[in-house]
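The values are calculated or read from the model by the stated rules, or taken from the named source; none is laboratory data. Predicted, not measured: the structure shown is a model, and the values here were computed from it. Neighbour counts are summed over all protein chains in view; Cβ atoms, including those assigned to glycine, are modelled from backbone coordinates with ideal geometry. All accessible areas refer to the heavy atoms of the entire protein, side chains included, with ligands and DNA or RNA removed. Shrake-Rupley method; radii C 1.70, N 1.55, O 1.52, S 1.80 Å.
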Amino acid sequence: MKWLIVSIMAFLLLAFPAQALMDNFYFTIPPEDSRCITTRLPIDLNTLSKGYYTLETASDFPVNLEYIKTFAEAVNIVRVPICFYSQGKQEGDFSYYTIKASAMSLYREFQGGICVSERQDRESREPEGQNPCELINGYEDLFYISFLEPVQWALPGTRINYTLLVQSMNSLDLDITFSSGLQLNPQRVSVRIPETGRAEPVSLEVKAPNSGEHEIKARARAKIGDRYCDIPFCLMEANTTLSVGSLARSGFGVFTFPQFLSVDFAEPIPYTIFIENRDDEADFNVQIRLPEGLQADWTRKTVSVKKDERKELGVNITPLSQEPGQYTIEFSVSSGGIEQSQEAYLSVKEIESDILRRWDVIKKNLTEVKRQELDFEIDKLLADYRAGGFDPDNYKKMDTLLEDAEGFKPPVNGKKQEPQPLNPLLIAIPIIVIIAALIFIFYKKSRPFEQREEDWF
């Protein structure tokens, strides 16, 4: 029986494309298809402790796994695919999901959403009241920010340094504000992202209080040229945690950056792999697994990392096509029989995919005349985007067109109604009535005076 379960899990991992487990993760599924999220135990609970781990899943869409309990440890990482199905669903349908992972005193909850669409996309954002389709359609990964340290441990009263990484393939200025209940230095900073597309570090110093876990938030706002960009995806947030207590840590950590990014052209994108070794000096085998359509400077390396050292490895990854597409890149690092991996999501011409995904849903509710009119306008604006890349004014024109189309009058008897020319009878009848009334008044006034007097008796 155990062999059978392992075989089924292995088959599922091979049969379905999978994404890594993270909070606030939103993705698309084509109609009548499936997509999987791969959980990795015990890594997804930020631990390498051995023991029994449980997973629970809830969603409005059918799912292959609602509950499982399994044994896992550092040298026996268990990968469990959680697959969602879109049978009977149509373009634009959506669902939320929750995945709970727990073991002993450890507990993490991951929430996200699914949108049914033929056009593939992924996003990791706070939903802020949006349903999964609205969120996926409304955001482009114009730039990406993330703390290099998702969690840091500190003794009471000590000062800890964090690094916030920022990156974009467009030349941008970012205003970044840090917020927390802790003492932070600085609280605000401005950063210029160069056209090279390389990651820029921003340092933050934090004073640890006496106890507890504390969240630190970074909020970045993009400035293009001499003005702030007022499009929703020109704002982004990143969180990290300070845990005050023991400093005892072991093993190694892996972090890749950027995890989400969008490009408008087929150009090299700089990625960075960080390896932090907390044990004795060791060799680490690094492997980059690329999907078809991408190429890299290198895909395999072996590096030596000293105790308490953090090593950086840079690599350029280039799309081979300028056509809209979505790519998942896996970065894997192993040493001493333990393997850790992270995934990065690269979009090519994401704005085009997002606009067309919205249009796929909206145009079904329009008349043929309205649909042809908007098809022409959207094609013209997309042609400008393909030629010149991201431009906030061009994007807002496309967004306004789609918003106006979404506000088109609801169907009557199942059919949309275009504005019709005014019926001539609606004008002629009131005029005839008025003319008849005037004739009657004129007739009354033209009768002899005597006859009118007789009418009173």
State all residues of the stretch 293-309 that are buried (at least 17 other Cβ atoms within 10 Å of the Cβ) and either under 21 Å from Glu123 (Cα atoms) or modelled with pLDDT under 95 (or both); if no residue qualifies, say none. Leu294
Of the residues in the stretch 174-188, those that are buried (at least 16 other Cβ atoms within 10 Å of the Cβ) and part of a strand (DSSP E or B) come to Leu174, Ile176, Phe178, Leu184
Mind checking which residues of the stretch 202-237 are in a strand (DSSP E or B) and open to solvent by 90 Å² or more (accessible area, probe 1.4 Å)? Glu213, Glu215, Arg219, Arg221, Arg227
If you check Glu118, Glu56, Glu123, which single one turns out to be open to solvent by 30 Å² or more (accessible area, probe 1.4 Å) and in contact (Cβ under 8 Å) with a residue 60 or more places away in the chain? Glu118
Among residues of the stretch 51-65 being out of contact with any helix residue (DSSP H, G or I) (no Cβ under 9 Å at 6 or more places or on another chain) and among the aromatic types (Phe, Trp, Tyr), the residue modelled with the lowest pLDDT is Tyr52
Could you check the stretch 32-43 and list, in sequence order, the residues that are open to solvent by less than 10 Å² (accessible area, probe 1.4 Å) and either in contact with a helix residue (DSSP H, G or I) (Cβ under 6 Å, 6 or more places away or on another chain) or of a type in the set (D, E, K, R) (or both)? none
Candidate set: the stretch 131-168, residues that are touching a helix residue (DSSP H, G or I) at 6+ places or on another chain (Cβ under 7 Å) and part of a loop (DSSP other than H, G, I, E, B); chosen: the one nearest to Ile362 (Cα to Cα): Tyr139
Of those in the stretch 253-288 that are among the aliphatic types (A, V, I, L, M) and more than 16 Å from Phe390 (Cβ to Cβ), the residue farthest from the chain's Cα centre (by Cα) is Ala282
Residue in the stretch 86-94 that is open to solvent by less than 30 Å² (accessible area, probe 1.4 Å) and not in a loop (DSSP other than H, G, I, E, B) present: no
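For the stretch 375-393, what are the residues that are open to solvent by 10 Å² or more (accessible area, probe 1.4 Å) and more than 21 Å from the chain's Cα centre (by Cα)?
Listed by number, the residues that qualify are Asp375, Phe376, Glu377, Asp379, Lys380, Leu381, Ala383, Asp384, Arg386, Ala387, Gly388, Asp393.
Can you name the residue in the stretch 74-85 that is closer than 20 Å to Gln342 by Cβ and not β-branched (Val, Ile, Thr) and, of all such residues, is surrounded by the most Cβ atoms within 10 Å (Cβ to Cβ)? Reasoning before the result, please.
Filtering the stretch 74-85 for residues closer than 20 Å to Gln342 by Cβ gives 74-82.
Checking the rest, the ones that are also not β-branched (Val, Ile, Thr) come to 74, 76, 79, 81.
Values: Ala74: 18, Asn76: 13, Arg79: 16, Pro81: 22.
So the residue we want is Pro81.
Could you identify the single residue in Ser321, Ser334 that is surrounded by fewer than 20 Cβ atoms within 10 Å (Cβ to Cβ), out of contact with any His (no Cβ under 8 Å at 6 or more places or on another chain) and outside any strand (DSSP E or B)?
Unique residue meeting the criteria: Ser321.
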What residue, among those in the stretch 289-318 that are assigned to a strand (DSSP E or B), within 29 Å of the chain's Cα centre (by Cα) and among the β-branched types (Val, Ile, Thr), is farthest from Arg198 (Cα to Cα)? Thr318
Is there any pair with a first residue in the stretch 161-180 that is more than 15 Å from Ser146 (Cα to Cα) and a second that is surrounded by fewer than 21 Cβ atoms within 10 Å (Cβ to Cβ) and hydroxyl-bearing (Ser, Thr, Tyr) whose Cβ atoms are under 8 Å apart and which are 6 or more apart or on different chains, and what are they? Asp173/Ser190
What's the total number of residues in the stretch 337-360 that are assigned to a helix (DSSP H, G or I), out of contact with any Leu (no Cβ under 9 Å at 6 or more places or on another chain) and surrounded by fewer than 20 Cβ atoms within 10 Å (Cβ to Cβ)? 1
Here are the criteria: (1) assigned to a strand (DSSP E or B); (2) at pLDDT below 95; (3) touching a Lys or Arg at 6+ places or on another chain (Cβ under 6 Å). Tell me which single one Arg108 does not satisfy. (3)
Tally up the residues in the stretch 217-238 that are under 18 Å from Gly129 (Cβ atoms) and among the aliphatic types (A, V, I, L, M), please. 3
